[in-house]
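Asker: Have a look at the structure that comes next, please.
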Amino acid sequence: MATNLVVDVGGLSYWKLYSVANKEHVKSYGQTKETLLALENESGFKTWQHEFVMQIFEWISQYNPDKLTLACDGNKLWRKDIYPEYKANRKAQKATIPINWNLFYATRDKLCLFLGEMLPIKTMLIDSAEADDVVAIITKRTDDKILAFSEDHDWYQLFQYNNYSQYKLKTGEEVIGVDPKMVLNMKILTGDRGDNIPNIRPKMGEVSARKALVEC
């Protein structure tokens, strides 16, 4: 069975972006943070792009996969056609952070496409589709052993497939003991604040939801 290492590009890029931004010596280069974090610079400073690529190479060295897939978020997500308020809260949150997000996203997409052209890496960047869709389709429609690297709990639903395993981005720790049916039922009842999806009824939090599921 071939092994396909699937990377959550959104999760990895945000991790490396914020990691670089939080370093105290960032300010010493005389550049605005948005430029420093999104573009290469002449000083040779290790930008988030460098950290992003080096992390991928580290996983390749550690797991020696037969395939490597970069699962990206496309534009004009299909979920927004069904529910226009999907992730609407994130724009306001990002507005409080001094980063040129349009520049960051454009740079990230360009980097992933470049890696797909220059290396034996499959970059999946598809309009209307999210990384969640990419990893789901790959898992469902292949016999490959999937090694997914993501902090996204939505991906936990894929544990229903025997060829799926997931690892945390920052620690490399394998996620174990997950009940995918319970994860889905909890999402339905409690909603998802990160995606701006409300709970099924007022005051339906995690404790109430678990109690309801046990009783049912």
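Asker: Kindly provide the set of residues from segment 37-74 that are surrounded by 12 or more Cβ atoms within 10 Å (Cβ to Cβ), modelled with pLDDT of 95 or more and hydroxyl-bearing (S, T, Y), ordered by number.
Answerer: Of everything in segment 37-74, those that are surrounded by 12 or more Cβ atoms within 10 Å (Cβ to Cβ), modelled with pLDDT of 95 or more and hydroxyl-bearing (S, T, Y) turn out to be Y63, T69.
Asker: Here's something else I'd like to know. Is there a residue in segment 70-90 that is under 24 Å from T3 (Cβ atoms), among the aliphatic types (A, V, I, L, M) and within 15 Å of the chain's Cα centre (by Cα)?
Answerer: yes
Asker: Taking P98 and the conditions (1) without any contact (Cβ under 8 Å) to a residue 12 or more places away in the chain; (2) not in a helix (DSSP H, G or I), which numbered condition does it fall short on, given that it satisfies the others?
Answerer: Result: P98 fails condition (1) only.
Asker: How many residues, within segment 158-185, are crowded, with 17+ Cβ neighbours inside 10 Å, touching a residue at least 24 places away in the same chain (Cβ under 8 Å) and aliphatic (A, V, I, L, M)?
Answerer: 2
Asker: Quick one: in segment 110-124, which of the residues that are among the aliphatic types (A, V, I, L, M) and surrounded by fewer than 16 Cβ atoms within 10 Å (Cβ to Cβ) is nearest to the chain's Cα centre (by Cα)?
Answerer: Taking segment 110-124 as the starting set, the residues that turn out to be among the aliphatic types (A, V, I, L, M) are 111, 113, 115, 118-119, 121, 124.
Now narrow it down to the ones that are surrounded by fewer than 16 Cβ atoms within 10 Å (Cβ to Cβ): 113, 118-119.
Working: L113: 16, M118: 22, L119: 21 Å.
Going through the qualifying residues, I end up with L113.
Asker: Give L158, L184, L111 a once-over and let me know the one that is in contact with a Ser or Thr (Cβ under 7 Å, 6 or more places away or on another chain) and of a type in the set (A, V, I, L, M, F, W, C). Write out each step before concluding.
Answerer: Numbers: L184 fails: in contact with a Ser or Thr (Cβ under 7 Å, 6 or more places away or on another chain); L111 fails: in contact with a Ser or Thr (Cβ under 7 Å, 6 or more places away or on another chain).
Going through L158, L184, L111 in turn, the sole match is L158.
Asker: Take the residues in segment 191-216 that are of a type in the set (D, E) and more than 19 Å from Q93 (Cα to Cα); name whichever of them is surrounded by the most Cβ atoms within 10 Å (Cβ to Cβ). It would help to see each step written out before you state the result.
Answerer: Applying the first criterion (of a type in the set (D, E)) to segment 191-216 yields 192, 195, 206, 215.
Those still in the list that are more than 19 Å from Q93 (Cα to Cα) too: 206, 215.
On the way: E206: 11, E215: 6.
Top of the filtered list is E206.
Asker: Now for a different question. For segment 154-209, name all the residues that are under 17 Å from V6 (Cα atoms), modelled with pLDDT under 95 and of a type in the set (D, E, K, R).
Answerer: D154, K170
Asker: Follow-up question, since we're still on this one. Among the numbered criteria (1) in contact with a helix residue (DSSP H, G or I) (Cβ under 8 Å, 6 or more places away or on another chain); (2) open to solvent by 30 Å² or more (accessible area, probe 1.4 Å), which one does A136 miss?
Answerer: Condition not satisfied by A136: (2).
Asker: Considering segment 186-205 alone, what residues qualify as being of a type in the set (A, V, I, L, M) and free of Cβ contacts under 8 Å to residues at least 40 places away in the same chain? Don't jump to the end; show me each part of the working.
Answerer: Restricting attention to segment 186-205, the residues satisfying the condition of being of a type in the set (A, V, I, L, M) are 186, 188-189, 197, 200, 204.
Scanning segment 186-205 gives M186, I188, L189, I200, M204.
Asker: Could you grab the pairs with beta carbons closer than 7 Å, sequence gap of 6+ or different chains, first residue in segment 136-149 and under 13 Å from Q160 (Cα atoms), second one assigned to a strand (DSSP E or B)?
Answerer: Here the result reads T139/I146; T139/Y164; I146/N4; I146/V6; I146/Y164; I146/S165, each pair linking segment 136-149 to a residue that is assigned to a strand (DSSP E or B).
Asker: Could you please tell me which pairs satisfy a Cβ distance under 8 Å, a separation of 6+ or placement on different chains, a first residue in segment 71-93 that is on the phi > 0 side of the Ramachandran plot, and a second residue that is of a type in the set (D, E, K, R)?
Answerer: Qualifying pairs under 8 Å: K76/D127; K87/K80; K87/D195.
Asker: Taking the condition of being surrounded by fewer than 10 Cβ atoms within 10 Å (Cβ to Cβ), at pLDDT 85 or above and assigned to a helix (DSSP H, G or I), how many residues in segment 75-95 meet it?
Answerer: 1
The values are calculated or read from the model by the stated rules, or taken from the named source; none is laboratory data. Because the structure is predicted, anything quoted here is derived from the model rather than measured. Glycine also receives a Cβ, built like all others from the backbone with ideal geometry; neighbour counts cover every protein chain displayed. Please note that ligands, DNA and RNA were not included when accessible areas were found on the heavy atoms of the full protein model with its side chains. Shrake-Rupley method; radii C 1.70, N 1.55, O 1.52, S 1.80 Å.
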